Amino acid sequence: MGSAEPFSAHGGRSLNHVRHATFRRKIHFGIPAEGTTGPGGPGTIGPSPRRTARGAVRRTAPHPPFSNRPLATRLVSLGALACVTVICGVIAWHVGVKVVYMRGHLLLASYTVLVSAYVLSRFGLAAFYRPPRDAGITPSVAVVVPSYNEGEAVARTIHSCLGLDYPPDRLEIVVVNDGSTDDTWDHMLKAAAEYPEGRVRCVDLGTNQGKRAAMAAGIRATSAEILLFVDSDSMPAPESVRYLVQGFADAKVGAVSGLTYVRNAEHNVLTRMQAARYYVSFQLLKSAESVLGAVTCCSGCFAAYRRAAIAPLLDAWEHQRFLGVECTYGDDRALTNRVLRDGWTTRYDARAEAWTDAPDRYRKFFRQQLRWKKSWSREGPLLLAHIWRSRTRALPSVAVQTIAGMLSPIVVLYSLTVPLAGGTFPLIYFLGLYLVSMGYALTYRMLRNDGMWIYAFVGTFFYVAFSPQLLWAIARIRDGKWGTRDAEPPQAGPNPGAVPVSAAAGADG
């Protein structure tokens, strides 16, 4: 069936949210009203991010409780839940038959059993997901925004971060310019000047040193207890930080990932498939991982870390080397991996929401996917090497995820070439892929009513079809090129008025 490699994502409510909302409690984030296409109309997906003139996101009214929604909406959601349950039952029966009567090609049969069991475990674990309880804590938070050639987009992110519903004396914004060659620095200074002095700290690296260096500079520029990383094209919801920090009431938690929607989902078919993929990835896979206390990638576009968890490993992470070359991609997965290795728990909070842009051109999209696959190819085995002791309960999940993910391109190529060579058509494989795709699509439809569920179905086949790209990613794993950036320009000197990194206030401890 499909690749067991984690969805490359960053996309609200979990499975258990729907079930419990149905019978017991009001849900803050719910299914949009009938007839809507997404947040704020066409172009986005998820609860509507209403913006002020300067780009900050305003709080929106919560969706009505499940019991107050139209009967047709409730029936469709319950019907989708019933269909998902039936599909899981069919997959479980198929796994049982394969185990008892292991026949045919051993590799394909074993792969089918592994992936089917993995998919079933995701649905089962996600059903027990609960967001962190509201402990009422408000620790000091620094929002770190690394930026490179984002232009005016970085200003929108700054305004959005300043619109967060969080005590001003407990929140600071640190924006880092990673040697941009456009007008990004000017937009940073202009946006910062609109707020009282000290609310926004602008740091300029002078030369393009890479995202890790920018993130590390932001960390060293503040002494806040919680470090929230937000991409320069992302916009968090006003209440998102209040939700995200509640997970840190548990002293064992080192990082918490929020839920990210695709802001430009309605742009074309590609962005729609990504939007659906993101959403299912977060709400199914990250929910399941959170139950185990081991979210394997706290997505870089919107995730928070405890300073005490990352300060000791900051230098090693910033200057990580693999196969003799410096690691320039996969910063979020590598940082999460190291936090887990040090014995911390990582969680996911579906209530903490943000919006980001996804690639709308196939060339840029495939380059992004290549970078993510290179990151997974490096960090997946590294995670497997320590998870047996750092988070033992997650070992079976990580082991299957890693092994089946590595086998996925081989199985896909085998399934496509055997019929062409006169062999038997792998009907069971494609039937299983169909069931898994439909399970994802119906899960999406169960949780959301925005007409995008079909793209979760089509998108699963789409992502599986180019899974052989993993082989090219492994071959190019030592290539540190970013892929989605333009060719590197000549390095420029520090911008006038820049805050030198060495003079940035705040300790690293």
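When the alpha carbon coordinates of segment 159-310 are projected onto the principal axes, the ranges are 43, 41, 30 Å, largest first. Scoring 340-347, 251-258 by mean Cβ neighbours within 10 Å over their residues and listing the highest first yields 251-258, 340-347. Suppose R0 equals 56 Å. What FRET efficiency, 1/(1 + (r/R0)^6) with r the Cβ-Cβ distance, do residue 182 and residue 225 give to the nearest 0.05? Computed FRET efficiency for residue 182 and residue 225 comes out at 0.95.
Annotation: the residues 150, 225, 194, sorted from fewest to most other C-beta atoms within 10 Å of their own C-beta, follow the order 194, 225, 150. Packing around the peptides 459-467, 133-141, 282-290, taken as the average count of other Cβ atoms within 10 Å per residue, puts them in this order, highest first: 282-290, 459-467, 133-141.
Under a 5 Å amide H cut-off, with hydrogens placed 1.01 Å from N, residue 180 pairs with 149 among residues at least 5 apart or on other chains. Shown is the FRET efficiency for residue 207 and residue 251, computed with R0 = 22 Å from the Cβ-Cβ distance and rounded to the nearest 0.05: 0.05.
Classify segment 363-415 as rounded, prolate or oblate from the Cα gyration tensor: take a ≥ b ≥ c as the square roots of its eigenvalues, call it rounded if a/c is under 1.5, otherwise prolate when a/b beats b/c and oblate if not. If you can, show how the numbers build up before the last one.
Numbers: a/c = 3.39, a/b = 1.56, b/c = 2.17.
Verdict is oblate for segment 363-415.
Classify segment 111-177 as rounded, prolate or oblate, taking a ≥ b ≥ c as the square roots of the eigenvalues of its Cα gyration tensor: rounded when a/c is under 1.5, otherwise prolate if a/b is larger than b/c and oblate if not. Don't jump to the answer; show the numbers that get you there.
Working: a/c = 4.07, a/b = 1.73, b/c = 2.35.
The shape class here is oblate.
For the pair residue 90 and residue 71 in one chain, pulling the backbone fully straight at 0.36 nm per residue adds 4.0 nm over the alpha carbon distance. At full extension, residue 393 and residue 128 could sit 93.9 nm farther apart than now, given 0.36 nm per residue minus the alpha carbon distance. Residues 302, 457, ranked from the fewest to the most other C-beta atoms within 10 Å, line up as 457, 302.
As a proxy for reagent exposure, 386, 319 were ordered by neighbouring Cβ count within 10 angstrom, fewest first; the result is 319, 386.
Once the Cα-Cα distance is subtracted from the 0.36 nm per residue extended length, the residue 418 to residue 431 segment shows a gain of 3.0 nm. Label separation (residue 454 vs residue 268): 1.9 nm, computed from points 7 Å beyond Cα along the C-beta direction. Using the Karplus relation 6.51 cos²θ - 1.76 cosθ + 1.60 with θ = phi - 60°, the per-residue 3J(HN,Hα) values for segment 238-253 come to x, 8, 4, 5, 4, 5, 4, 6, 4, x, 7, 5, 7, 5, 8, 7 Hz, with x marking Gly and Pro.
Packing around the peptides 414-420, 212-218, taken as the average count of other Cβ atoms within 10 Å per residue, puts them in this order, highest first: 212-218, 414-420.
The Kirkwood hydrodynamic radius of segment 388-468, based on inverse pair distances between different Cα atoms, is 14.8 Å.
Where a number appears in this text, it was derived from the coordinates with a stated rule and is not lab data. Computed from a prediction, not measured in an experiment: that's the story for all the values here. For neighbour counting, all protein chains shown are included, and Cβ atoms are generated from backbone atoms with ideal geometry for every residue, glycine included.
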